[in-house]
Amino acid sequence: MATVPKPNELVIDHKPPQTGWMDTPVVFRPGTWCYGAKTKNLKALDLPNPREWSPGDEDWKLPENWKEIILEGIRERLEKYRSFKIFMDICVRCGACADKCHFWIGTGDPKNMPVLRAELLRSVYRNDFTTAGKLLGKMAGARELTMDVFKEWFYYFFQCTECRRCSLFCPYGIDTAEITLMARELLNLVGCNIDWIAGPAANCFNNGNHLGIQPHAFKDMIEFFVDEIEAVNGVRVEPTFNRKGAEVLFITPSGDVFADPGTYTLMGYLMLFHEIGLDYTWSTYASEGGNFGFFTSHEMMKRLNAKMYAEAKRLGVKWILGGECGHMWRVINQYMDTMNGPADFLEVPVSPITGTRFDNARATKMTHIVEFTADLIKHGKLKLDPSRNDHHRVTYHDSCNTARGMGLMEEPRYVLKNVCNNFFEMPAGTTREQTFCCGSGSGLNTDEFMEIRMRGGLPRANAVQYVHDKHDVNMMACICAIDRAVLTASMNYWVPGVGITGVHELVGNALVMEGETERTTDLRGEPLAGMEESEDEDL
Amino acid sequence: MGIKFSLLVVAALIAVVFLGVKVVGMYYVFGVIIPYLAILTFVGGFVYRIMNWARSPVPFVIPTTAGQQYSFPWIKQNKLDNPSTTAGVIGRMALEVLLFRSLFRNSKVELRDGPKLTYQWEKWLWLAGLLFHWSFLIIFIRHLRFFTEPVPGFVHLADTLDGILQVGLPGIYLTDGLILATVTYLFIRRVVIPQMKYISLPADYFPLFLILALATSGILMRYFIRVDLLKVKELAMGLASFHPTVPEGIGVMFFIHFFLVCTLFAYFPFSKLMHLGGVFLSPTRNMPNDSRMVRHVNPWDYPVKVHTYEEYEDHFREKMIEAGLPVEKE
Ligand code: HEM
Ligand code: SF4
Ligand code: SF4
């Protein structure tokens, strides 16, 4: 694996090269591309052209008629998606989106400007689907689909995190994320996915979650955190699994079960549900909130997402509660009901504690945990001691998908302000709808891609640096499992001294539970503010 | 390359009409036939493009949510940037189309040593873009005075408002200056900003030059090389009433201007200028964020292969039983 240059050694040059973009070949430099999908993962998902290959190789082992397949794929998608057709046609190249992409900001590579990323595909569209392109060729910005062009697609469409920041600024709402979605579908038609997406998707399909955790292990892992909670505050929570007749099915990304610091967020969920006496169950079959199918194709998204409703139906729950995750919520908000609904076997979610009817989820019947908790707090149903988070000086990172694919912005802030005393916003223009991507979204959170991830993480990190310098911020809260994993790496790289937490970890810290023993540490086992002394005495 | 090519095309267009009218005397061709063809192409092309877009369905609800969602009564929804109702969408679209709301968000990133990033105020593109489009629209409306009799009130109104400066400077229209200035600005930023230059195609320069030539010829005609406006009106009315005539003695400047208009009209449906129609159909802007509240149907939805619970349990039953997990079949 390539080593990543130190932060102060990274060269970022925003000046475009001398050669025009059509004449500048792509270079597969280690650290800037992801490994190709493995045979077994493509096979597990019935995806075309399973084979051993590497994007670094000269020969990608594509089927003989790959070009026809791709062109036919474009034609089909133009017929199926008005978005795609319009976005291919109406860009005026005004450049408003150009400097809005974190990958362009962090690499200076002009093909990371959203407009040029789109042009990579648009040029082929013009060549084969428009009269002007057919007649005028390069003069009309058209070019033929060649193997080099195809490789360039792979490189740059797996160098877009589908964050939609560009679409916010485009006067016509051209969404390069949507174009990337189409391009990835096309790449998948001939077996050119990356393994970091195909692997988790295959795991999810067969085992229920991205990490491939099997049912018994899933239960074990959660029970491990039951012990951990007891060690912190003496309360023994009692989660149930695959339980029929529960009122609520709870689904969260499996990353929360598996890796720090998501696991502390998971402890927060467990504590909250116990404290309010929620009648809920986990599922080992639908044990994944995230959806790496979304990063593959619409069809794969639907195939993986189907489990949520299927399991809710089988268990006979009334409604579904979803954990903290970004892309999971874009899928739930914008695709789930259309793909796998109608969920007419469920009821409109009603909080059993406050009686609030979640009217905004009346069709999908699925509520976001942050909405749920915000409502609990608003109604004074939780006993909270925010001083237990006084050792944290907290800022909040809006995940791209909950911001620009949903609009969940105030709720997490409301919760945070109620569970901690020191909350600071990052500068305007880097938060809420204008939030910057973590740099590793849409399935690009793999180690071999570290250099680009760190480059793409720069704008977010820079905003954190600002509040770190100005307000001593040492903790960034987020509501996304990928964020929790990758921002930790990006902070270590760019702003050492800032940790990452889920919102419900902080809820768990602040939550005063019935029958709890005196708290001296937070969920991580770190001493609470003012408790450092007593810790020392114990030693 | 794109610049030279586009300039050349515009120059060639002017040469064609100049020679055609002045040397060959094809008044009828440039005064009647080409205008009718251009309008036909425009209307036909425009309708075709819109129908062609509209033919493709919108399978999913994918608005770019640019503000707080609708959730609780005690959290203020941003109804215009993240609408959940049709009224909200109309408001959002009105802001987009009339005021270029999204472009107004624009900022400029600057990279300093460190690396350190700053975001600068950058509304010039928004301002120039907006002034350019509004000027274009007002000029277009003003021109309707040639094609109507009696001239409708809104055309008079546009004329009066646009001529507001005429109190001190007789005969001056605001929009004449604005359109020249803004098109020049749009061109200059395209060549001066390195990224803009890098992404620009001939198709980006051409409309700018065409509109610049169009506006310049109009202004020349109005202020410097006068033509007989009564005769122009006669020609225009003839076209509008489908009794075309070409009165004698209209200066060649008019024919240059008129031919450039025709070129613009004919070019319009096949170019990026179709953003005029596209913006109204853009799914990230014209859909309400209500997909958790209202079911949206994908017309081409099809069943997909899923991994059912039964298959899952069959695979893991032993382990599940051993772990004390409930199973359907013992
Ligand atoms: C609903 C109507 C329209 C909207 C919302 C709209 C919006 C925009 C925006 C936001 C830009 C980018 C900013 C800029 O470069 O100026 C633009 C560019 C442009 N528009 Fe429009 N437009 C509309 C109609 C038209 C019409 C009717 C024309 C007719 C000529 C036109 C001609 C142009 C041209 C030539 C450019 C390119 C400017 C450049 O290359 O930099 N637009 N439009
Ligand atoms: S902002 Fe929109 S119209 Fe402008 S260059 Fe980007 S994609 Fe094209
Ligand atoms: S979606 Fe995000 S990553 Fe992709 S081009 Fe747009 S800004 Fe860049």
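Any read-out appearing in this document is the output of simple, stated calculations on the displayed coordinates, not a laboratory observation. It should be emphasised that the depicted structure is a prediction, and the values quoted were computed from it without experimental measurement. Cβ atoms come from the backbone with ideal geometry, glycine included; neighbour counts cover every protein chain shown.
The length gained on full extension between A:Ile353 and A:Lys43, counted as 0.36 nm times the residue separation minus their Cα-Cα distance, comes to 107.0 nm.
Tell me, what is the percent relative contact order of chain A, built from C-alpha pairs under 8 Å that lie six or more residues apart? Kindly include the intermediate steps, with their values, before the conclusion.
Working: 1040 pairs, mean separation 90.4, N = 539.
With pairs under 8 Å counted, the relative contact order is 17 percent.
Derived scalar couplings between HN and Hα for the range B:194-201 equal x, 5, 5, 4, 5, 8, 6, 10 Hz in order, rounded to whole Hz, by the Karplus curve 6.51 cos²θ - 1.76 cosθ + 1.60 (θ = phi - 60°), x for Gly and Pro.
A:Leu266: net charge of surrounding residues, Cβ under 10 Å, Lys/Arg +1, Asp/Glu -1, itself excluded? Mind showing how you got there, number by number?
Values: positive: none; negative: A:Glu228, A:Asp256, A:Glu324, A:Glu505.
Value of the local net charge: -4.
Dividing the convex hull volume of the alpha-carbon atoms in the range A:200-510 by its residue count gives 117 Å³ per residue. Each residue of the range A:361-374 was assigned a 3J(HN,Hα) from its phi angle through the Karplus curve 6.51 cos²θ - 1.76 cosθ + 1.60 (θ = phi - 60°); the sequence is 10, 5, 8, 6, 6, 9, 10, 7, 4, 6, 5, 4, 6, 4 Hz, with glycine and proline shown as x. Local charge for A:Gly133 was computed over the other residues whose Cβ lies under 11 Å away, with Lys and Arg +1 and Asp and Glu -1, and equals +3.
Rounded to two decimal places and with Rh computed the Kirkwood way over Cα pairs, what is Rg over Rh for the range A:21-193? Working shown, then result.
Numbers: Rg = 15.7 Å, Rh = 16.5 Å.
Ratio of gyration radius to Kirkwood radius for the range A:21-193: 0.95.
Counting every Cα pair in the range B:242-325, what percent are over 17 Å apart? Of the Cα pairs, 78 percent sit more than 17 Å apart.
Computed about its Cα centre, the charge dipole of chain B is approximately 1020 debye, with only Lys, Arg, Asp and Glu carrying charge at their Cβ.
Please give the net charge around B:Val252, taking every other residue with its beta carbon less than 14 angstrom from that of B:Val252, where Lys and Arg add +1 and Asp and Glu add -1. Intermediate values should be presented prior to the final figure.
Working: positive: B:Lys22, B:Arg226, B:Lys231; negative: B:Asp228, B:Glu248.
Value of the local net charge: +1.
Here chain B is described by how far its Cα atoms reach on the three principal axes: 100, 52, 45 Å, from widest to narrowest.
Relative to the longest principal axis of the Cα atoms of chain A, the long axis of helix A:215-233 lies at roughly 50 degrees. Most mobile of B:Glu122, B:Glu310, B:Glu110 per a Gaussian network model of chain B (Cα springs, under 10 Å)? Highest fluctuation of the listed residues: B:Glu310. Couplings 3J(HN,Hα) of the range A:475-483, computed from phi: 8, 10, 8, 8, 10, 8, 5, 5, 3 Hz, in residue order, whole Hz [Karplus 6.51 cos²θ - 1.76 cosθ + 1.60, θ = phi - 60°; x for Gly and Pro]. Counting Cβ atoms of other protein chains within 10 Å of each residue's Cβ and taking the mean over peptide B:295-301 gives 5. Available extension along the chain between B:Glu322 and B:Glu110 is 70.3 nm, counting 0.36 nm per residue and deducting the alpha carbon span.
Scanning residues 5 or more positions from A:Leu384 or on other chains, those with amide H under 5 Å from its amide H are A:Val512, with H placed 1.01 Å from N in the peptide plane.
Of the peptides A:108-119, B:277-288, B:246-257, the order by per-residue mean of other Cβ atoms within 10 Å, starting with the highest, comes out as A:108-119, B:277-288, B:246-257. Database remark: amide H of A:Ala477 closer than 5 angstrom to the amide H of A:Thr395, A:Tyr396, A:His397, A:Thr501 (H placed geometrically; neighbours at sequence offset of 5 or more, or on other chains; Pro and chain starts carry no H).
How much length, in nm to one decimal, is gained on full extension between B:Glu248 and B:Thr85, taken as 0.36 nm per residue of separation minus their Cα-Cα distance?
Working: separation 163, 0.36 × 163 = 58.68 nm, distance 5.72 nm.
Result for the pair: 53.0 nm of gain on full extension.
Across the range B:60-138, Cα-Cα pairs farther apart than 18 Å form 58% of the total.
The share of alpha-carbon pairs in the range A:164-316 lying farther apart than 20 Å comes to 57%.
Using C-alpha pairs under 8 Å with a sequence gap of at least 6, the mean separation divided by the residue count of the range B:179-330 gives a relative contact order of 16 percent. Projecting the Cα positions of A:Ser297, A:Phe241, A:Gly322 onto the charge dipole of the range A:200-510 (unit charges on Cβ atoms of Lys, Arg, Asp and Glu, taken about the Cα centre) puts A:Ser297 furthest along the positive direction.
Which value in deg cm²/dmol, rounded to the nearest 500, describes the helix-derived mean residue ellipticity at 222 nm for chain A, given -39,500 (n - 2.57) per DSSP H run of n ≥ 4 and division by the residue count?
Details: 24 runs with 240 residues, N = 539.
When only DSSP H runs of four or more count, the value is -13000 deg cm²/dmol.
Label separation (A:Thr240 vs A:Asp344): 2.9 nm, computed from points 7 Å beyond Cα along the C-beta direction.
So what is the diffusion coefficient of the protein assembly as shown in µm² per second by Stokes-Einstein at 25 °C and 0.890 mPa s, using a Kirkwood Rh over Cα pairs?
Rounded, D is 84 µm²/s.
Counts of other chain beta carbons within 10 angstrom of each beta carbon in peptide A:293-304 average 2. Placing R0 at 60 angstrom, the Cβ-Cβ distance between A:Ala529 and B:Leu144 gives a FRET efficiency of 0.25 after rounding to 0.05.
Per residue of A:430-441, count partner chain C-beta atoms within 10 Å of its C-beta, then hand back the mean as an integer.
Neighbouring Cβ atoms belonging to other protein chains average 2 per residue here.
For the peptides B:3-16, A:352-365, A:311-324, the ranking by mean Cβ contacts within 10 Å, running from highest to lowest, is A:311-324, A:352-365, B:3-16.
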